[in-house]
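Have a look at the structure below, then the notes.
The values are calculated or read from the model by the stated rules, or taken from the named source; none is laboratory data. What you see is a predicted model; the values in this text were computed from it and never measured. As a convention, Cβ positions derive from the backbone with ideal geometry for all residues, glycine included, and neighbour counts pool all protein chains shown. Accessible surface is based on the protein model in full, side chains and every heavy atom, while ligands, DNA and RNA are left aside. Shrake-Rupley method; radii C 1.70, N 1.55, O 1.52, S 1.80 Å.
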Amino acid sequence: EGMGGQLALCWPDKDFIAVFTGDTQGHPMNYDVMVDALRYDIWNKLSDEPVAADPLGELKLSARLAMLEPVPQPGEPSVPFADEVNGRVYEMGPNKMGIERFSFVFEGDEGTFRYDTVRGPKEIRFGLGKYVIGEFPEDHYSGTRIRRSANRNYRCMATAAWTEAQKFVLRVYVIDDYFGNMAATFGFKGDEAGVIMTKYAEDFMQEYNGIGAAKLKK
């Protein structure tokens, strides 16, 4: 049993092994759902004898698996208020994340979160109603040995949506040697913005956990 739904289960009497890898950290749905699915939908239906080959069934299963995609951040891909935020820079007050300023650039069904930190300029590319594969902009996280820097960016996937008329949520999943994710919520009111970042990762993303306030740069 590992963090975020990484799980291996074995039933010797059925000669059956199930292995899962994933990242459910921070989600109400945890690996109990997977265990229940195995227990009630699969284990009780396992045959004690070899099952005859089913080429048509294999084709249907392969086609179904090929169509599966991760569920993007719920919400609207765009709202009227997005035009007021697009490209504008917000100056941050003191915050644990070390973010000095940020902006969003929206381009169709994708966008970019740009932000300057005490560690230098950063950006995260995200999808609206979908995921965009990219790199998480920190290169000091662990490599193959824990707490020894990899000196490279982790691979990640990012999605975002407007969950209210003036509330924007960005979700980023690290899908590399280590799994982790962070959620960033931005609430806008007039020339002000509030930021809440929460990270779900065992030994990294420490810089993406905290709250802050910002004002539109004049």
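Overview of results
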read-out: Residue check, Phe126 open to solvent by less than 20 Å² (accessible area, probe 1.4 Å), touching a helix residue (DSSP H, G or I) at 6+ places or on another chain (Cβ under 9 Å) and touching a residue at least 12 places away in the same chain (Cβ under 8 Å); value: no
read-out: So Glu69, is it more than 21 Å from Ala8 (Cα to Cα), among the acidic types (Asp, Glu) and assigned to a loop (DSSP other than H, G, I, E, B); value: yes
read-out: Neighbours by Cβ (under 9 Å, 6+ apart or cross-chain): first from the range 143-160, aliphatic (A, V, I, L, M) and at pLDDT below 95; second part of a loop (DSSP other than H, G, I, E, B) and buried (at least 21 other Cβ atoms within 10 Å of the Cβ); value: Ala150/Tyr141
read-out: Residue in the range 22-29 that is modelled with pLDDT of 85 or more and open to solvent by 60 Å² or more (accessible area, probe 1.4 Å) present; value: no
read-out: Neighbours by Cβ (under 7 Å, 6+ apart or cross-chain): first from the range 97-119, of a type outside the set (Lys, Arg); second open to solvent by 70 Å² or more (accessible area, probe 1.4 Å) and part of a loop (DSSP other than H, G, I, E, B); value: Gly98/Val118; Gly98/Arg119; Ser103/Arg88
read-out: The range 130-148, residues that are of a type in the set (Gly, Ala, Ser) and open to solvent by 50 Å² or more (accessible area, probe 1.4 Å); value: none
read-out: Residue ranges of strands (runs of 3 or more DSSP E) in the range 103-218 with at least 3 members of a type in the set (Ser, Thr, Tyr); value: 110-117
read-out: Flag if Phe186 is within 19 Å of Gly87 (Cβ to Cβ), buried (at least 21 other Cβ atoms within 10 Å of the Cβ) and either at pLDDT below 95 or not aliphatic (A, V, I, L, M) (or both); value: yes
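A quick yes/no check of all residues on (1) surrounded by fewer than 10 Cβ atoms within 10 Å (Cβ to Cβ); (2) closer than 19 Å to Gly187 by Cβ:
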site	(1), (2)
Cys10	no, no
Asp41	yes, no
Asn44	yes, no
Asp48	yes, no
Leu61	no, no
Gly75	no, yes
Val79	no, yes
Met92	no, yes
